[in-house]
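Heads up: the structure comes next, in structure tokens.
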Amino acid sequence: MVGRSTPFLLGLVFMPFGFSRTLISSARTLRSYRSLEATTRALYMTLGKVRRGTSRMHPMLPALSLQGAARAAFMASLSVGVTGRAIFPQASATSKSCITPTWLKDLNESIETEKDDPASKFMTLTTLSTASGQAEPRGRTVVFRGFLGKGDGLALKVITDVRSEKIDEIRANNRAEICWYFKDTREQYRLRGSLDVISHDEKNSERLGWWQSQWKSLSPGMRQSYEWPAPGVLRSSADEDTADFLDPSPSESPSPNYCLLLLRVECVDYLNLRSKPQIRKVHEVSSEGAKWTVKRVNP
């Protein structure tokens, strides 16, 4: 194990959290792989709590020699989480889109770090309501349902009831912001952009396919909830909760009350409260959607 492979093994030990799986896969032929993987994983569990600073790179990394397959594996790992799955696809070489923006890599790590906490999927979606004649913000908790697309076409997925008040608000003004806080890493992401509504009357076959595919991923209980009475409607004393909200058999076909929301992200305001001093960065995409810029501002 001593010799030419030593710099490579050191690189494995000191790589930032989230890169281990891809790099370790290139060392499967090494005799001490199992012991090394266990040691590295334990180290990352410790580094994961303090991994973010002004740089994502370990200070020793530039001095290490990562040649051939190791270098290729390292570059590929930039969009791969600790599970080894590419959560955020990179733009192809022929695309006019920029390389995966850094905020996506940061968010990937935050999601991976807190994946075992169901509450980490809860976000606050804020839209603008003009029902009262004045522009007023409306916030509610929604659940992260994954991402759709890639590059500048990447969108964050949320589902809702088409009969809810937020749909009328979005159709009147589709500008929105999602605030997502990760309590363990103490990071906040504010994602701003435009919301796209996809429902049962969608004419575009590809978009309708996205709507249908998301329905298939829902639990039976979630599917049942779309057959309940319309949200926000006044209830009278004669209404019976048991009868009205009795769970019907879940349908394999999407309910016409269900709809898919896509947030096309244009700006991300990132805040790290754990870092000393705190770090805040603002990421913005160009009007052509081909380039992301990032600037550090006071927290």
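The values are calculated or read from the model by the stated rules, or taken from the named source; none is laboratory data. Small disclaimer: the values here were computed from a predicted structure and weren't measured. Side chains included, ligands, DNA and RNA excluded: accessible areas come from the protein's heavy atoms. Shrake-Rupley method; radii C 1.70, N 1.55, O 1.52, S 1.80 Å.
Details
- Using a probe of 1.4 Å, the accessible surface attributed to SER225 totals some 30 Å² when neighbouring protein chains are kept in position.
- When all protein chains stay in place and ligands, DNA and RNA are ignored, the 1.4 Å accessible-area order of VAL282, VAL143, largest first, is VAL143, VAL282.
- Net length gained if the chain between ARG175 and SER217 were fully extended (0.36 nm per residue, minus Cα distance): 12.4 nm
- Of the residues PHE182, PHE245, PHE122, PHE144, ranked by 1.4 Å probe accessible area with the largest first, the sequence reads PHE122, PHE245, PHE144, PHE182.
- Averaged over its residues, the range 150-299 has an accessible area of 54 Å² per residue, based on protein heavy atoms and a 1.4 Å probe.
- Surface share of carbon and sulfur [accessible, 1.4 angstrom probe, percent] for the range 131-270: 48 percent
- As a length-normalised measure over Cα pairs under 8 Å and 6 or more apart, the relative contact order of the range 196-271 settles at 50 percent.
- Accessible-area value, HIS200, 1.4 Å probe, nucleic acids and ligands omitted, Å²: 100 Å²
- Chain lengthening between ASN298 and THR130 when straightened (0.36 nm per residue, less Cα-Cα): 57.2 nm
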